[in-house]
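Right, one structure below, let's go through it.
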Amino acid sequence: MKKVNPSTSRRYLYAIIDASQAGKWGNIGINGALVTTITKGPVAAVVSGIAAKRVRPERANLASHNGVIKLLMQESTILPVAFGTIADRHQAVEFLLSKNSALLVEQLDSLRGKVEMGLRVRFDVPNIYEYIVSTHRDLRDARDTAYGGPQEPMRGTKIELGGQFDRLLTAERETHTATVLPVLSAHCVEIKPNPPRNNLEVMNLACLVKREDLKAFEDAVLAAAGQFDNNFAFDFNGPWAPHNFVHIELNIKSSHVSRR
C-alpha cells in the first residue's frame, strides 16, 4: 500500500461556498498553489494544497488569502475562513463539511446577497485630551485646579483626572454612535460595533448590507456625517466578505463548527 506524504495531503482553507459554485480558480493561492474545491453534499470548501503545517501572516501570504476571498465573493456567497486554517488531509475537510452541513447551509442562506461594509468615525483634532478638556467644563476646572498650584499634582490626582477623561470619552462615543445608528439601520440587515482601536476613534462599525442597498447605505453615511462638525472624520469602506457576520467558529482539528 502506497504511503501518503502528509506534506502533500494538507489543505489550506479559504472559504465555504455552495456546492453548486464549486470549481477551479487557477494558481492564485498561498505560494502560487492551485485553488480548487472539496465538495460534500450541499456545501464545498475552497482550498489549495500546502506543504507547511503553519502559514506566517506575511504580506505575500495575506495578499494571496485576501485575493482568493475577493475573487470568490464576486461570484458567490461565501463563509470566509480565518487566515492560516490548515487541514491535515483531504478527508478531514470532507468530514467537516459532512458533519456540519446543516449549520453551514443555514449560514450561507442568512448571508446570501449581502456584503460587509465598514464605517469608521474618528475625532479629527490635533490632541484628543485637549479637545475633551475644551468641551467639558468639569474636566477643565479639575485640570486647572490640579496643575494651577506651585507643585506637581500628586499621583492620585493624575489618576483621577485620567479616569474622568476616560469616562467623558466613553460618553462622547456612546452619544455619537447613538446619533449614527438610527440613520444607518434602515439600510443595514445588521450592525456590529467593534471596539475603538485608539483614543481618536469614535466608532468602528461593521454593517451587513444587501448588495442592492449599497448606494442607499452610502447616502445614509453622508447624511449621518452631515450631523457632525469638522472635528469628526467619516470613512466608509468595502464591500468585503462578511467576516464579522459569520456566526460560527471552525475548528479543523476536531472537524467541528460551533456557533459564536
Subject >> Any chance Leu62 is free of Cβ contacts under 8 Å to residues at least 60 places away in the same chain, over 14 Å from Ile86 (Cα atoms) and under 23 Å from the mean Cα position of the chain (by Cα) >> reply: yes
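Matching residues to (1) at pLDDT 95 or above; (2) assigned to a loop (DSSP other than H, G, I, E, B):
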{"residue": "Gln91", "(1), (2)": "no, no"}
{"residue": "Glu94", "(1), (2)": "no, no"}
{"residue": "Leu108", "(1), (2)": "yes, no"}
{"residue": "Glu116", "(1), (2)": "yes, no"}
{"residue": "Val121", "(1), (2)": "yes, no"}
{"residue": "Val125", "(1), (2)": "yes, yes"}
{"residue": "Glu130", "(1), (2)": "no, no"}
Original post:
Do we find a residue being out of contact with any Leu (no Cβ under 9 Å at 6 or more places or on another chain), open to solvent by less than 50 Å² (accessible area, probe 1.4 Å) and free of Cβ contacts under 8 Å to residues at least 60 places away in the same chain anywhere in the range 146-155?
Top reply: yes
Original post:
In this structure, does Gln91 turn out to be open to solvent by 10 Å² or more (accessible area, probe 1.4 Å), of a type in the set (S, T, N, Q) and under 18 Å from Glu212 (Cα atoms)?
Top reply: no
Original post:
Taking the range 23-44 as the region of interest, how many residues are under 11 Å from Val68 (Cβ atoms), surrounded by 14 or more Cβ atoms within 10 Å (Cβ to Cβ) and among the small types (Gly, Ala, Ser)?
Top reply: 2
**OP:** Name every residue in the range 210-219 that is surrounded by 15 or more Cβ atoms within 10 Å (Cβ to Cβ) and without any contact (Cβ under 8 Å) to a residue 24 or more places away in the chain, in order of residue number.
**Re:** Glu218
**OP:** Those residues that are of a type in the set (Asp, Glu) and either open to solvent by 60 Å² or more (accessible area, probe 1.4 Å) or free of Cβ contacts under 8 Å to residues at least 12 places away in the same chain (or both), I need them from the range 105-132; list them, please.
**Re:** Glu106, Asp109, Asp124, Glu130
Subject >> Where Cys188 falls short, out of the listed (1) in contact (Cβ under 8 Å) with a residue 12 or more places away in the chain; (2) open to solvent by 80 Å² or more (accessible area, probe 1.4 Å) >> reply: (2)
Original post:
Would you pick out the residues in the range 156-174 that are open to solvent by 90 Å² or more (accessible area, probe 1.4 Å) and at pLDDT 90 or above?
Top reply: Arg167, Glu174
Original post:
Only one of these conditions is not met by Thr135: (1) of a type in the set (Ser, Thr, Tyr); (2) under 28 Å from the mean Cα position of the chain (by Cα); (3) open to solvent by 60 Å² or more (accessible area, probe 1.4 Å). Which number is it?
Top reply: (2)
Subject >> Ala102 being outside any loop (DSSP other than H, G, I, E, B), surrounded by fewer than 20 Cβ atoms within 10 Å (Cβ to Cβ) and not aromatic (Phe, Trp, Tyr) >> reply: yes
**OP:** Could you run through the range 53-76 and say how many residues are touching a strand residue (DSSP E or B) at 6+ places or on another chain (Cβ under 8 Å) and either over 21 Å from Glu94 (Cβ atoms) or open to solvent by 30 Å² or more (accessible area, probe 1.4 Å) (or both)?
**Re:** 6
**OP:** For residues that are of a type in the set (A, V, I, L, M) and part of a loop (DSSP other than H, G, I, E, B), scanning just the range 8-54, find the one that is farthest from the chain's Cα centre (by Cα).
**Re:** Ala51
Original post:
Here are Leu222, Leu205: which of them is touching a Pro at 6+ places or on another chain (Cβ under 7 Å), hydrophobic (A, V, I, L, M, F, W, C) and either in a helix (DSSP H, G or I) or surrounded by 16 or more Cβ atoms within 10 Å (Cβ to Cβ) (or both)?
Top reply: Leu205
Subject >> Residue satisfying condition, being touching a helix residue (DSSP H, G or I) at 6+ places or on another chain (Cβ under 7 Å), over 18 Å from Pro242 (Cα atoms) and without any contact (Cβ under 8 Å) to a residue 60 or more places away in the chain, within set Leu169, Leu222 >> reply: Leu169
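The values are calculated or read from the model by the stated rules, or taken from the named source; none is laboratory data. Computed from a prediction, not measured in an experiment: that's the story for all the values here. Backbone-built Cβ (ideal geometry, glycine too); neighbour counts: all protein chains shown. Accessible surface areas use protein heavy atoms only, side chains included; no ligands, DNA or RNA. Shrake-Rupley method; radii C 1.70, N 1.55, O 1.52, S 1.80 Å.
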